[in-house]
Amino acid sequence: MSCVIAGGGPAGAVLALLLARAGVEVTLLEKHGDFLRDFRGDTIHPSTLQVLDELGLAAEFEKIPHRKAYGLTMVSDAGDIRLASLRDLPGGFGYIAFVPQWDFLTLVTSAAATYPTFHLKMNAEAHDLIREDGAVRGLRYRDGDGEHEIRADLTIAADGRHSTLRQRAGLVPQDLRAPMDVVWFRLPRQADDREDTFLRISDGHMMVAINRETYWQLAYLIPKGGFDVLVRGGIEALREPVARLLPWLGDRVGQIRGYEDVSVLTVALNRLRRWHRPGFLCIGDAAHAMSPVFGVGINLAVQDAVAAANLLAGPLRSGAPIPESTLHRLQRRRLFPTLVTQAAQRLVQNRVIRPALSRRFNPSRLPRDLTRIPVIKRLTARFIGLGIRPEHVEVPSVRS
Ligand SMILES: Cc1cc2nc3c(=O)[nH]c(=O)nc-3n(C[C@H](O)[C@H](O)[C@H](O)COP(=O)(O)OP(=O)(O)OC[C@H]3O[C@@H](n4cnc5c(N)ncnc54)[C@H](O)[C@@H]3O)c2cc1C
């Protein structure tokens, strides 16, 4: 039996690797010609590092230049507040690795390419489903050579939060609303800048600063739909709050030449009520777009992929038909972590981000070091690092 996956993001790439590794014929379609995408999620959390380790890829991953963040600090006008520390997490990966997403995807697809049952088609955009006898039997895609069809026993939509295949299957996500959008940009980093990755909050403004060694990757939060207002204020409307939030970057903000140097993320938070149809399954952002709060979108996508492979590789390899009830088991398994994570994201959005953007959040009331409170330390580390119901690779490799 065969599987076709639309979307070479974290969910699709990891699922394709796991299925190919289990001996299943799998075709992965990616609409772009490469995995290069700036300002996409670059956070690989301990749960995903464990999956890479279980796949024997931890050493290869370690060779990719990356930066490790062992905790998270909020920088307020009243001083620094330590929010979380991941150092004592069980499993040996007590940090978040910041690695360009394309390096992660290249690692995963290169590992998949060592299996003869893996087929990758780049520049291949899936645009419709093939339906027969009330079930999905594959997909239609277009590439530089024109229109094509791929028939498969299982079709997976891993084509992200604007999923075409989800829409073609008639599945509509429920919008859970987010109060903010995010403006991403970068500024050079100097040797004597601070070392850590942190969250800066002050007087109606919020920003995340990620240390990428040679540069700062900066995420400036704006009220939902506020990008047009920002642009109308000219580039100074962005430079000025950045220089005010981080005065030591003041001499560099002129290097944001204009809005062509920034990338705006329209934050989406949603999920499907039903993730499947006969012969068809949505995973990752196609099933549930995550808010950037906690930076866990990639990790949920990867966990969906691992759970899907654990459940589906056996039937796919044996040739047994896959009833829709099996696809529903996958939804039931992954819905719980999705619900809990989205609930926590909404809590932070409503209790911290929304008030902070309207000058109603006062961090001076928080303890200076939340990691000194053992129960908070344990819970935040586990929640951010491992997530709810971390998945483990259970499907053996054809090589073992
Ligand atoms: C600007 C930005 C910043 C983010 N920051 C973080 C972060 O720091 N940490 C984090 O964990 N998450 C972050 N996220 C979220 C994270 O990127 C997603 O949750 C995660 O990538 C979801 O993985 P996925 O594989 O489900 O979907 P995606 O990563 O969206 O991958 C979908 C893939 O499908 C391809 N595709 C789309 N349509 C088709 C089609 N019709 N045919 C074929 N291919 C198609 C796309 O090109 C893409 O490669 C961020 C998202 C954005 C947009």
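Worth a mention:
- Verdict on residue 307 being aliphatic (A, V, I, L, M) and closer than 25 Å to residue 355 by Cα: no
- The residue of the stretch 104-145 that is surrounded by the most Cβ atoms within 10 Å (Cβ to Cβ), among those that are of a type in the set (A, V, I, L, M, F, W, C), closer than 14 Å to residue 7 by Cα and in contact with a Gly (Cβ under 7 Å, 6 or more places away or on another chain), is 105.
- Number of the condition not met by residue 291 [criteria: (1) surrounded by fewer than 21 Cβ atoms within 10 Å (Cβ to Cβ); (2) within 16 Å of the ligand (Cβ to nearest atom); (3) hydroxyl-bearing (Ser, Thr, Tyr)]: (1)
- Test: residue in the stretch 196-211 that is closer than 27 Å to residue 288 by Cα, in a loop (DSSP other than H, G, I, E, B), within 16 Å of the ligand (Cβ to nearest atom) and in contact (Cβ under 8 Å) with a residue 12 or more places away in the chain: yes
- Here the condition is being of a type in the set (A, V, I, L, M) and within 15 Å of the ligand (Cβ to nearest atom); of 49, 57, it holds for 49 alone.
- Positions within the stretch 1-41 being within 13 Å of the ligand (Cβ to nearest atom) and assigned to a helix (DSSP H, G or I), in sequence order: 10, 11, 12, 13, 14, 15, 16, 17
- The stretch 264-288, residues that are surrounded by fewer than 24 Cβ atoms within 10 Å (Cβ to Cβ) and over 22 Å from residue 130 (Cα atoms): 264, 265, 266, 267, 268, 269, 270, 271, 273
Computed from the coordinates by the stated procedures, all read-outs in this text should not be read as laboratory data. Every value quoted in this text rests on a predicted model; they were computed, and no experiment measured them. Because the Cβ atoms are built from the backbone with ideal geometry, glycine has one as well, and the counts that use them run over all protein chains shown.
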